[in-house]
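Data block below; observations after.
The values are calculated or read from the model by the stated rules, or taken from the named source; none is laboratory data. Since this is a predicted model, take the numbers as computed values, not measurements. Here the Cβ positions follow ideal geometry from the backbone for every residue, glycine too, while neighbour counts run over all protein chains shown. The area values use the complete protein model at the heavy-atom level, side chains included, leaving out ligands, DNA and RNA. Shrake-Rupley method; radii C 1.70, N 1.55, O 1.52, S 1.80 Å.
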Amino acid sequence: MSTLVEKIKAIEDEMAKTQKNKATSAHLGMLKAKLAKFKRELITPKSGGAATGEGFDVAKTGDARIGFVGFPSVGKSTLLSNLAGVYSEVAAYEFTTLTTVPGVIRYKGAKIQLLDLPGIIEGAKDGKGRGRQVIAVARTCKLIFIVLDVLKPLGDKAIIEKELEGFGIRLNKQPPNITFRKKEKGGINLTQVVAQSELDLDSVKQILSEYRISNADIILKEDCTCDDLIDVIEGNRVYIPCIYVLNKIDQISIEELDIIYKIPHCVPLSAHHKWNFDDLLEKMWDYLNLTRIYTKPKGQLPDFNAPVVLKEDNRTLETFCNNLHKAILKDLKYALVWGSSVKYQPQRVGKEHVLCDEDIVQIIKKH
């Protein structure tokens, strides 16, 4: 383990010493690719190793999963127990929570699982503490709450972001618009749809040679960095929205609070006094981007209490039917839909129709 950590340290030192300019960009790209490979080896557990720590493999329940990430003793457990009514051991000393504590809240008809992950320490991505298992659970979440102490937010924020980035988690980012395709022969073809400020053919070849790829088609559809290209080649990155929860606002002045409110993706609150929880829940709902669909049995009123919740990337009628029951699609003749996804109220639609939030659907079966 130490040898890998030492190699990573050596590369990081060399990158820090290297001047950034056009002449060194290819060399820097190669170093970044090496670094990404070593980090992947470091965080990928060796097969046949010891079992994972108890309490980390929590079963997924509900429509979405949110992970609370933060340093020890910033109030994650207090926030969870006040939000979800779950008892997660709370004390004023560090490292109180040692395993993942799940809780569930119902919000706007959706069932959302909240996970209180143990405190992250610096160096988690290098296998220190329980950090590796904590961040492995964080990768499976649909949204991450980074809980920070309002008195020392920026330093902690930078460290946690660095740890998560090291594990291939990209916060509040979209996947880079790069098409990458390996092929048998023909060398490296680079197509630049827009002008590039960092990548050119030399730097792309250097990065690919580090992965022993000598034949590939690459199309850059936006101004990309070396890191973007490495993310696409590695292919194991997850892009997760994130909200920074600044806790303990009862310890600061109103003027400071006004400044904090201007920071993007931020919600200041007090977990202990239960201040500003509604703001957090509203922002959480926006970032989760879930779609609620209500069912309407024939001749009855719609059921507004138990919506079927769909993810934003898959909102077709076909997905909705499969969520209800796998056998429905076979008997589906058409569906009647009321809501913002259709022009007429109601409108007949087929299984390819894309639904919008709070649509009402009535399934008509073949006789």
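Largest first, the residues Glu184, Glu282 sort by 1.4 Å accessible area into Glu184, Glu282.
Once P(r) over Cα pairs in 20 Å bins from 0, in percent is calculated for the structure shown, the corresponding label among (i) 24, 47, 28, 1; (ii) 19, 38, 23, 16, 4, 0; (iii) 26, 57, 16, 0 turns out to be (i). Rolling a 1.4 Å probe over the protein chains gives Ile169 an accessible area of about 0 Å².
With charges set only on the Cβ (+1 for Lys and Arg, -1 for Asp and Glu), what does the dipole of the stretch 150-236 come to about its Cα centre, in debye to the nearest 20? Please report the intermediate quantities before stating the final value.
Values: 12 positive and 16 negative charges, 54 e Å.
Approximately 260 debye in magnitude.
Proximity of backbone amide H atoms, modeled 1.01 Å from N, is registered between Tyr107 and Ile112 at under 5 Å, excluding neighbours fewer than 5 places apart on the same chain.
Restricting to Cα pairs below 8 Å that are 6+ residues apart, what does the relative contact order work out to for the chain? Please round to a whole percent. Intermediate values should be presented prior to the final figure.
Values: 640 pairs, mean separation 52.2, N = 367.
After rounding, I find 14 percent.
Just round it to a whole percent: the fraction of Cα-Cα distances in the stretch 212-367 exceeding 19 Å. For the stretch 212-367, the share of Cα pairs beyond 19 Å comes to 69 percent. Note on surface exposure: Thr61, Thr316 rank Thr61, Thr316 by accessible area, highest first, 1.4 Å probe.
A 1.4 Å probe, protein heavy atoms only, puts the accessible area of Arg237 near 50 Å². Keeping all protein chains in position, work out how much accessible area Met284 exposes to a 1.4 Å probe, and write it in Å² to the nearest 10. Answer for Met284: close to 0 Å² accessible.
Counting only aspartates and glutamates at least 8 places from Lys111 when in the same chain, those with an alpha carbon closer than 12 Å to its own are Asp63. Sorted largest first by accessible area at a 1.4 angstrom probe radius, with every protein chain in place, the residues Val5, Val337, Val193 fall in the order Val193, Val5, Val337.
DSSP beta bridges in the stretch 218-367, what fraction antiparallel, as a percent rounded to 5?
Details: 15 of 21 bridges.
Rounded to the nearest five, the antiparallel share is 70 percent.
Cross-link reach is defined here as a Cα-Cα straight distance under 20 Å, omitting same-chain residues fewer than 8 places apart; for Lys152 the lysines meeting it are Lys76, Lys162, Lys248, Lys262. By DSSP, the beta bridges lying fully in the chain are antiparallel in about 45 percent of cases. Restricting attention to the stretch 313-367, lysine pairs at least eight places apart or on different chains and with alpha-carbon atoms under 12 angstrom apart total 6.
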